[in-house]
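The values are calculated or read from the model by the stated rules, or taken from the named source; none is laboratory data. Just so it is clear, the model here is predicted, and its values are computed rather than measured. Please note: Cβ atoms are built from the backbone with ideal geometry, for glycine as well, and neighbour counts cover all protein chains shown. Areas reflect the complete protein model, heavy atoms only, side chains present, ligands, DNA and RNA absent. Shrake-Rupley method; radii C 1.70, N 1.55, O 1.52, S 1.80 Å.
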Amino acid sequence: MNARTPLQLDIRPLTDALGAEIFGVDLTQAQTPGISTQIREALNEYGVIFFRDQPLSAQQFIDVTKTIGTLAPSTAMPPVEGFAPLHVIAKEEPDQDWVIGGHWHTDQSFRAAPVMGTILIAREVPASG
């Protein structure tokens, strides 16, 4: 590929109605405007997008989110120390049977100008569900 050929992401829809996985991008690296545009277009088209196996640091995660939209930190949860736009959502106890946001909700809908969406990074997830 030469410098004039834009990288085309491998975008694979998950269902006919919603969601896609995006392959072919390393989010630990700075993204070109063209890649950022493709990511945002995929989000607009599929409603939710997934990137697998991206070992992002807190700062890299913040940098990636800034390429997609404007950060609007939660006012309902304490921030991660040193990384004010980030918040941790976690089950702290093995026997905890409730899930934060387990009932239907939309993040930050109480704001005068609700946020465009929420960006999450999963560090530990169950095998299914």
Could you count how many residues in region 1-11 are surrounded by 12 or more Cβ atoms within 10 Å (Cβ to Cβ) and either touching a His at 6+ places or on another chain (Cβ under 7 Å) or at pLDDT 80 or above (or both)? 2
Could you go through region 108-116 and let me know if any residue there is open to solvent by less than 80 Å² (accessible area, probe 1.4 Å), in contact with a Gly (Cβ under 9 Å, 6 or more places away or on another chain) and within 27 Å of Gly34 (Cα to Cα). yes
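I'd like the full set of residues that are at pLDDT 85 or above and loosely packed, with under 13 Cβ neighbours inside 10 Å, limited to region 81-93.
Kept after step one, since they are at pLDDT 85 or above, are these residues of region 81-93: 81-83.
Within region 81-93, Glu81, Gly82 qualify.
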Taking the criterion of being surrounded by 15 or more Cβ atoms within 10 Å (Cβ to Cβ), in contact with a Leu (Cβ under 9 Å, 6 or more places away or on another chain), modelled with pLDDT under 90 and aliphatic (A, V, I, L, M), would at least one residue in region 70-77 satisfy it? no
Give the residue, chosen from Ile22, Ile35, Ile62, that is surrounded by 12 or more Cβ atoms within 10 Å (Cβ to Cβ) and assigned to a strand (DSSP E or B). Ile22
